[in-house]
1. Need a quick list: helices (runs of 4 or more DSSP H) entirely within segment 1-120 having at least 2 residues that are modelled with pLDDT of 85 or more.
2. With the requirement that a residue be small (Gly, Ala, Ser) and closer than 19 Å to VAL125 by Cβ, what does segment 61-114 give you?
Amino acid sequence: MLSATMNSAKLTANEFLLSPEERREAATIMQAAIQISRFTGPLPRPEELAKYEQILPGAADRIIRMAEQQSTHRRSLEAVVIGGNATTQKWGLACAFIIAMSAIWGGIWISLKGMSGTGLTAIIVALVALVSVFVYGKSGQKKELAKKSEELVPNQPQDQP
C-alpha cells in the first residue's frame, strides 16, 4: 500500500511530463493494482463461484462437491497414516522389550555360569541402550514439536533501522 501511495505521489509530481495517453495508461495500471486480490483455499471466492454458476448451471455445486470429496479423501489418508504409525510404534515397543529382556536374561544366565563380570556388562549395556534410545526419542519429539509449533505461529515482523 505504501508503494502505491509513493507511486501516486510520483505520478502527481511528474504528471506534467506525461502525455494524456500516458496518464490514462498509468491510471489504468494503478487501478488494476488496486483491484488485484489474493484468495487461497479449496473453493473459489463466492463472487467467482457465482460467475461459474452463470456460465455453466450446476458448476458451483460440482466445484463444492469436488472440494468436499477431496477433503474426505485427505482425512481418510491421514487416518490410515496415523493408524499405521501407531501400529509401527506398538511393534517397535514389543520388539525392543523382547531384545532388552533377552539381553538382560542372557546377562543373568552368563552370571550364573560363573562369568559375573561379563554377565553384569551385558545387563548394563542392555539397560544403557534402552535409556539412551528413550532419551534420544524424547529429544527428537521435542525438536519436532518445536518445529511444528514454529510453523504454526507466524513470524513476527522484525524492526528495521
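1. Per the criteria, 46-55, 59-112.
2. Across segment 61-114, the qualifying residues are ALA96, ALA100, SER102, ALA103, GLY106, GLY107, SER111.
The values are calculated or read from the model by the stated rules, or taken from the named source; none is laboratory data. All values reported here derive from a predicted model rather than from experimental measurement. As a convention, Cβ positions derive from the backbone with ideal geometry for all residues, glycine included, and neighbour counts pool all protein chains shown.
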